[in-house]
């Protein structure tokens, strides 16, 4: 019995070992299957995350492209708020007279114009044409700016400016342009006007589409609001070349904005020039903004109500400008989400 019991014990132990062995193998295979399933699930999750990330990136690209596009967002997409604000400005303008307006988004097709082809006496606005022309020419030969012009009594001109208070024997062209833009100096203008070829300057601007540059019975001549849009658009293009000289000229226009009603209302950096001789008062500007724009207002309302008119138009346009881009952003996000 003892031998049989021992034999049974051995057989039992053998069976337990065999069972344990196959059980280990079984569970190992089961674990392998489970690991394989888990791996496949993990791979699916990773693939799904990659797919979702790509889809998100594609959406972001489309939204960015839509925001930068000049033709995807059109008048048919304007919301009620934007259209209402445009109507309010138009109603205000229709109740006024003797003015011209250009509002033009520099990186978009949006804008508004009124009386843009009517001629106005340009006064000091025309000074921008000289400044831009000379600085662009100086990009190829900076010595132009260092050339000195000798003062003569024939250049004397009353009105705006600082040179008349302390006249010197000669001035570098660079300094004359600075005075002409920052202080609207009339003597500086006359010295430049008489020492550069006005026909060349006129042809330069005619090639851009301006029609009234140095046209009239005196040195200042007549302009249209559309001409001023061309001037400021070219100034913007030149400033964006980001050269040492373009930055220099840009700083003159920024410094000039101390005299701007538009700048005081916008409360942002403004490239600016004004023109004033009764009854004419004009302001032409580039507003530095996330979305930069031109705002030019020409009037024959000086000296009685030009300030109120400019302030009101500036406020209307500033509101429309913000609303337009809010509307465009809303449109682009809704379209690609």
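Taken together, the values in this text are just the output of simple stated rules run on the coordinates, not laboratory data. Being a predicted model, the structure only gives us computed values, none of them experimental. In this analysis, Cβ positions are derived from the backbone assuming ideal geometry, glycine residues included, and neighbour counts consider all displayed protein chains.
From most to least packed by mean Cβ count within 10 Å, the peptides 311-322, 108-119 give 311-322, 108-119. Counting only alpha carbon atoms, the long axis of helix 244-256 and the longest principal axis of the chain meet at about 70°. Taking the stretch 174-237 on its own, what percent of its Cα-Cα pair distances exceed 17 Å? Within the stretch 174-237, distances greater than 17 Å cover 47 percent of Cα pairs. Calculated on the alpha-carbon coordinates, the convex hull of the chain measures out at 237 cubic angstrom per residue.
With helices as the sole contributors, the chain gives -19000 deg cm²/dmol at 222 nm; each DSSP H run of n ≥ 4 counts as -39500 (n - 2.57), and the sum is divided by every residue. Stretched out straight at 0.36 nm per residue, the stretch from residue 141 to residue 57 would grow longer than its current Cα-Cα span by 25.6 nm. Relative to the dominant Cα principal axis of the chain, helix 127-138 is inclined by about 60°. Ranked by the mean number of other Cβ atoms within 10 Å of their residues, highest first, the peptides 278-289, 48-59, 121-132 come out as 121-132, 278-289, 48-59.
Ordering 190, 232 by the number of other Cβ atoms within 10 Å of each residue's own Cβ, fewest first, gives 190, 232. GNM remark for the chain: springs join alpha carbons under 10 Å apart, and the peak mean-square fluctuation among 173, 102, 80 falls on 80. Among 219, 75, 248, the largest mean-square fluctuation in a Gaussian network model of the chain (Cα springs under 10 Å) belongs to 75.
Using Cα atoms only, what is the angle between the long axis of helix 2-68 and the major principal axis of the chain, expressed in degrees (0 to 90) to the nearest 10? Orientation of helix 2-68: about 10 degrees from the principal axis. For the options 73, 42, 272, a Gaussian network treatment of the chain with springs between C-alpha atoms closer than 10 Å singles out 42 as fluctuating the most.
Given all pairs of different Cα atoms, what value in angstroms does the Kirkwood hydrodynamic radius of the stretch 107-261 take?
That comes to 16.1 Å for the stretch 107-261.
Rounded if a/c is under 1.5, else prolate if a/b beats b/c, else oblate: with a ≥ b ≥ c from the C-alpha gyration tensor eigenvalues square-rooted, which is the stretch 180-316?
oblate
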